[in-house]
Each structure stands twice: as structure tokens, then as C-alpha cells.
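To start, the structure itself, in C-alpha cells.
What follows is calculated from the coordinates using simple rules that are stated; it is not laboratory data. Bear in mind the structure is a predicted one, so any value in this text is a computation, not a measurement. So basically every Cβ, Gly included, is an ideal-geometry build from the backbone, and we count neighbours across all protein chains shown.
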Amino acid sequence: MLYIKGAAQVVTVSGGSQAPKTGAGMERLNVIESGGVVAEGGVIAFVGTDREAEEYVAVHGSGKDITVLPAEGKLVTPGLIDPHTHAVFAGSREHELPLRLRGATYMEILQAGGGILNSAAKTRAASEVQLIEETRKRLDRFLAHGVTTIEAKSGYGLRLEDELKQLRAARTLHLEHPVDLVSTFMGAHAVPQEHKADPEAYVKIVTEEMIPAVAKAGLAEYCDVFCEEGVFTPEQSRRILEAGIKWGLKPKIHADEIVPYGGAELAAEVGAVSAEHLLHTSDEGIRAMAAKGVIAVLLPGTAFFLMTKPADARKMIDAGVPVALSTDRNPGSSPTESLPFIMNLACLTMRMSPAEALTACTINAAHAIGRADRIGSIEAGKQADLVIFDAPNVDYLQYHYAVNLTETVIKNGVPVILQGKRVYA
């Protein structure tokens, strides 16, 4: 039995397990002052005031081994969830930063064979073991920042054997590492160099070869596509997502990142779980997403790193769109594993409130990857994924920005980061 004792605040984020929180609901964190949490058998057994928790332990803990984690003056939240990463890849692309600082755009770098295509070449050349070991280090950093579950997209293979290699690496790490991984197939991340002259041929490979193979192997739950000018058209994106649906892969979409391109509207039309990026989404697209309950996964770190204006989170929240946040961890446009810093950016660059930012990284993020029934809030019966922050309240977590305040991380009821130190194998 694990007893987190005497927290200044336990932020449960309860009440959103059936549907993601929207509008004013994103502000409702359901905070317990002077709270306690009890976990047993990997799940949350009790949450309430510390006095109530003490009584629960006294009644139900008799004769059991009890680990007490003092949390006086600290903040307890659900484990953070990152619903959009490209974490499985080889190499890095730091050489692109000086190019962008001199004015090169994201699409200019991509069309010159850099960007995603650069990472694809390195990922193709890497062994599966190399991919696992490089990604393991990234997962260690995620965990050190309080992240207990991530979504991991493929998309740096861009041919069948290498897409499968990425997805197998993600599955291995899901089984071996404390961080849980939810896999998304994204063979339609870019048109590879060998098909640059005939993108339609590559779309056919994605829809007729890659998607069936991934589905038959059971390596992914979701299918994503980069619907963007110069990458995949809305019509091509629709075919790719509909092929995924046919094979049991739930749709997600990279939408309206560089220019307004109808991606948000397409997300609503195909019933996508989420639309992601959305820097240039139209008002019509926002209304369509709100009407269909499409989750907007926003990536302020990507806008920050690319030195561009972020998505209009306020307009989306006010329109009733459920919003989640993510690092977009990737080697080119957002090389960070710090989801707490992403929350800071959400407040400081998109004017989300501290409460909205935490909701977006917990229960709404859980909905974006189909896990809200088991993670994303502190409620009895849910998986005991928890974080103790060295902060007295939620506002302080965003006020003391760009600093990792993660003190202790609990995964499935077991401490894996304890007072800032790694305690897992």
C-alpha cells in the first residue's frame, strides 16, 4: 500500500472520464486542500482529505506493508500525458537551427531534402536495437518531467519495413519502460525522396500495403497523416484516413500547421479523435471540430521553436473545442521532453489559464489517446499514475516557469522517480 500524505493540494481533475472537458469545464480541477492519496495493487484506492486518508489507511492497511510518501507543502497531480510525439527516431537535426535563424522556413528545409526526410534517412539506417536505445533515453527524460504516458507516432521510416521497425521499437519500450506508449501509424508523414515525382504512387503504398500490414501485426491503434500544402492534399489525406478506418485504425490528423488547408474540417468529416497543430485553422474548422467533439491537440513548443505564432487556444476553448497539449517531441521542430514547459508556454503564449493547461495535459490528453477510463485523473479505481511537484499550488507550477519542479513520480502505484532520483531498473 502506498500513502501520499499531507499534500498542500491534491488536484484530482475528476469529472471528465466520460467526455473531455470543454469551455469553463477545463477550469474545474476539483482540488482537495490538505489531501492524501492511497494506492494499492497499482490502482488508486482512496483520495480525500489527509484526515480521511489516514482513517482509510488505519482501517484497510492493518497487517500490510505501507510506504508513506510525505508531501507537505507539495502539489499532487495525475501523471502527465503527452498525446502527440514522434519519439522513436534516430539521430538529431541541430544543424537546422542556424538555417532557420537565418530565415529558412520549415517547408524550405523539407523540400531541400532536410527535415523529416533527413530523419527518415537516419532512421532507415538504424537498427531496431539502436532505435530502442536512443528512444529509451528520451523516455527517461519524459519520466523525469512527470510524464507517465505518451503517444508515439511512426513516420520516419516512409517504407514498410522501416515503419514496422519503428512501431516494433515502440511496442518493446511499452513493455520494458515505466512510461506507457500508445502507438500511431504515420507512414504519411512526408513523401519520400524515391516517390517525390509521383506522390500518388506513395499514397497507394500507404493505403494498400502499409496500413494493412500494420493492422495485421497489431502494431498501432491510430492512423495519422500530415495534411499540408506541399505534403498530402485533403483528398489524399481523406483516402489515407479512410483506409485506416477500414482496417480498424482510429483517425488522427496533422492539420493546418503551415497554411489554412481544410484539415480541421476534414477531421470533423471523418470523425477523427483529434486534430493536431492547428496554427492556421479557420473559424469554420473550429466550429466543425466543436460540433463533432474533435480534440484539438495544440503544440505551443513547436510554434516557439519555429519562431511563429501559436494556435489560437482561447478561440478554440471559447468555441467549445476540447483542448489537449503536447510536446510534439521530434528531432526537428520540437526537441524537448518537458511537458511542464509546454504548459508554461500554453499560459504565456496562448493565454490558457494554469487550470486549463493542467486539464489539457491530463484528462483531455487521456481522451486524445483513448485512455481516459484508466488515467488522466485521480479517482478510485484508476491506474495509480501520480506526480508530486515541489509547488504549493497549480498556479505556482506555471508561475515558476522553465524549471522542472517534478519531485516524485509514481507509475502503477510504484515510485519510479523519488525526490528527483531515478529508482527504476
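When LEU131, LEU99 are checked against the criterion of being closer than 30 Å to PRO78 by Cα, surrounded by 15 or more Cβ atoms within 10 Å (Cβ to Cβ) and of a type outside the set (Val, Ile, Thr), LEU131 stands alone in meeting it. Which one is surrounded by the fewest Cβ atoms within 10 Å (Cβ to Cβ) among residues in region 168-193 that are closer than 16 Å to ARG136 by Cβ and of a type in the set (A, V, I, L, M)? By that ranking, first place goes to LEU175. Just one residue in the set THR123, THR85 is under 24 Å from the mean Cα position of the chain (by Cα), assigned to a helix (DSSP H, G or I) and within 29 Å of ALA213 (Cα to Cα); that residue is THR123. Considering region 351-374, the residues that are surrounded by fewer than 24 Cβ atoms within 10 Å (Cβ to Cβ) and not acidic (Asp, Glu) include one that is nearest to ALA272 (Cα to Cα), namely GLY370. Pick from region 26-53 the residues that are assigned to a helix (DSSP H, G or I) and without any contact (Cβ under 8 Å) to a residue 24 or more places away in the chain: which of them is surrounded by the fewest Cβ atoms within 10 Å (Cβ to Cβ)? Result: ARG51. Assessment of region 382-402 against the conditions (more than 30 Å from ASP224 (Cβ to Cβ), touching a Phe, Trp or Tyr at 6+ places or on another chain (Cβ under 6 Å), in a loop (DSSP other than H, G, I, E, B) and not basic (Lys, Arg)) yields no matching residue.
Scanning region 315-344 for residues that are assigned to a helix (DSSP H, G or I) and more than 26 Å from ALA272 (Cα to Cα) turns up PRO340, PHE341, ASN344. When the residues of region 269-289 are filtered to those that are surrounded by 24 or more Cβ atoms within 10 Å (Cβ to Cβ) and at positive phi, the one that is farthest from the chain's Cα centre (by Cα) is LEU278. Each residue in region 31-78 was checked for being closer than 15 Å to ASN412 by Cα and in contact with a helix residue (DSSP H, G or I) (Cβ under 9 Å, 6 or more places away or on another chain), and 7 pass.
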